[in-house]
Amino acid sequence: MKLVSRSQWGARAYRTPNGATPYSRARRGVKLHYLGTAYSDRAHDKCAAYVRQLQAQHMDGNGWSDIGYSFLVCTHGYVYEGRGLKRRNSANGNTGLNDQDYAVCLLVGSSGLTKPTDDQLHGARDAIEYCRKEGPAGTWLGGHRDGFATACPGDAVYAWVKAGAPRPAGSSPAPKPATTPTAPAAPSPEAPMTAPSMLSEANAIDVELTSGEWTGLALKDAVLHAGPCRHDTTVHLLFGEAPEGATVEGRYYLTDTKGGSKSDYLPDGPHPLAGGGHQFTCVGDVPAGRHLRFEVRVTTPDASPVTLLHRSASGPYWAL
């Protein structure tokens, strides 16, 4: 495997404590991802700069503690260490899914370069086997869209995944070069990331949540995003006092423009309602004519209500 360590590609230090969160269980397997935005192939000496740009977007744009993926694979077959084998990723859609599987991203897009190269498939296969051997990860293999409402990892990568992620026919892995770069290349101005728009809304009006009932949350209004767009959204919630044993769940869902024809995303939770604050993240596409909304549910042992003191939503989005 042509592994490029964090120091070799010039990674920024991850933020603590969240960036140092270890996996709490053995990984079920590996999920494959793509960029979900336009991507153009580039000479290999520009790839490290692109990975640094992606890390900057995740940390500065999304507010994450590090680049979201466990590993990334460029078109030349090099495997870039992201969060690696020990630290929980943030790319699979929600905390439970992030804890369940590794996240390996192929540097291909939803437009421009959409099909992986043979070298890239070899590199991705190397990453899968590395996760299984050293992780450890089980034999389950899938795409981000398995268990989460998203187009990721794109039809080309997903078809390869569903075929068992075979190495390209009639080819063999490219040999590892005699020398591996020990210092990152200078940032390249020729490969800018597509600048997203940013969602940033908040509402501090108290809401009393009835135990056991889903409640839709309004920020500026009840709609987080109107399609067509691609988004990476986090809703932050701050609660008042709650009895011991209380739990909280969140779920994103799609509706038509009038609020009907609901389509639920995978719920996240239940989580212990301790510490007062919780956040829920969703990454995906909102089709034309559909709206993205969010609901929360608290459940208390004595059926008492809980007050939601503050909520906010943030994250980048791109028009489709």
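General observations
- Cβ-placed point charges (K, R +1; D, E -1), dipole of region 12-121 about Cα centre in debye, nearest 20: 380
- Given Lys46/Lys115; Lys2/Lys115; Lys86/Lys162; Lys220/Lys262, the pairs whose alpha carbons are separated by over 22 Å: Lys86/Lys162
- Sorted largest first, the principal axis extents computed over the alpha-carbon atoms of region 45-165 equal 36, 33, 29 Å.
- Each principal axis of the Cα cloud of the chain was taken in turn, and the coordinate range along them, longest first, works out to 66, 38, 37 Å.
- For the chain, the antiparallel share of DSSP beta bridges with both residues in that region comes to about 75%.
- Using C-alpha pairs under 8 Å with a sequence gap of at least 6, the mean separation divided by the residue count of the chain gives a relative contact order of 21 percent.
- In order along region 17-33, phi translates into HN-Hα couplings of x, 4, x, 9, 5, x, 5, 9, 7, 5, 6, 4, x, 10, 10, 9, 9 Hz, rounded to whole numbers, per the Karplus curve 6.51 cos²θ - 1.76 cosθ + 1.60 with θ = phi - 60° and x for Gly and Pro.
- Projected area averaged over orientations for region 7-87, convex hull of C-alpha atoms, nm²: 5.9
- At q = 0.12, 0.17 Å⁻¹, base-10 log of I(q)/I(0) for region 61-111 (Debye sum, equal scatterers on each alpha carbon): -0.26, -0.52
- For the chain, the longest principal axis of the Cα atoms and the long axis of helix 118-134 meet at an angle of about 60 degrees.
- Among residues other than Val223 with Cβ under 12 Å from its Cβ, the summed charge is +1 (Lys and Arg +1, Asp and Glu -1).
- Over region 226-320, the reciprocal of the mean inverse Cα-Cα separation, the Kirkwood hydrodynamic radius, stands at 14.3 Å.
- Exposed-loop-free span, longest in the chain, where trypsin sites (Lys or Arg not before Pro) count as exposed if DSSP calls them loop and at most 16 other C-beta atoms lie within 10 Å: 87-219
- Accessible carbon and sulfur surface of region 5-83 relative to its total accessible area, %, 1.4 Å: 50
- 3J(HN,Hα) from dihedral phi, region 208-214, Karplus parametrisation 6.51/-1.76/1.60, rounded to Hz, x for glycine, proline: 8, 9, 6, 4, x, 10, 6
- Partners for Lys31 among aspartates and glutamates (Cα-Cα distance below 12 Å; same-chain residues under 8 apart left out): Asp99, Asp101, Asp146
- For the chain, Cys with no neighbouring Cys Cβ under 4.7 Å: Cys105, Cys131, Cys152, Cys229, Cys282
- Selection from Pro196, Ala163, Tyr317, by position along the positive dipole direction of the chain (Cβ): Ala163
- Computed from Cα positions, the angle between helix 47-56 and the longest principal axis of the chain comes to roughly 10 degrees.
- The HN-Hα couplings worked out from phi for region 277-293 by the Karplus form 6.51 cos²θ - 1.76 cosθ + 1.60 (θ = phi - 60°) are x, 9, 9, 9, 10, 9, 10, x, 10, 10, x, 4, x, 10, 10, 9, 10 Hz, whole numbers, x standing for Gly and Pro.
- Using only side-chain charges placed at the Cβ, +1 for Lys and Arg and -1 for Asp and Glu, the dipole size of the chain relative to its Cα centre rounds to 1020 debye.
- Heavy-atom accessible surface of the chain, averaged per residue, reaches 43 Å², computed with a 1.4 Å probe.
The values are calculated or read from the model by the stated rules, or taken from the named source; none is laboratory data. Everything numeric in this text was worked out from a predicted model, so none of it was measured. Glycine gets a Cβ as well: all are built from the backbone with ideal geometry, and neighbour counts include every protein chain shown. Note: accessible area is taken over every heavy atom of the protein model, side chains too, but ligands, DNA and RNA are not part of it. Shrake-Rupley method; radii C 1.70, N 1.55, O 1.52, S 1.80 Å.
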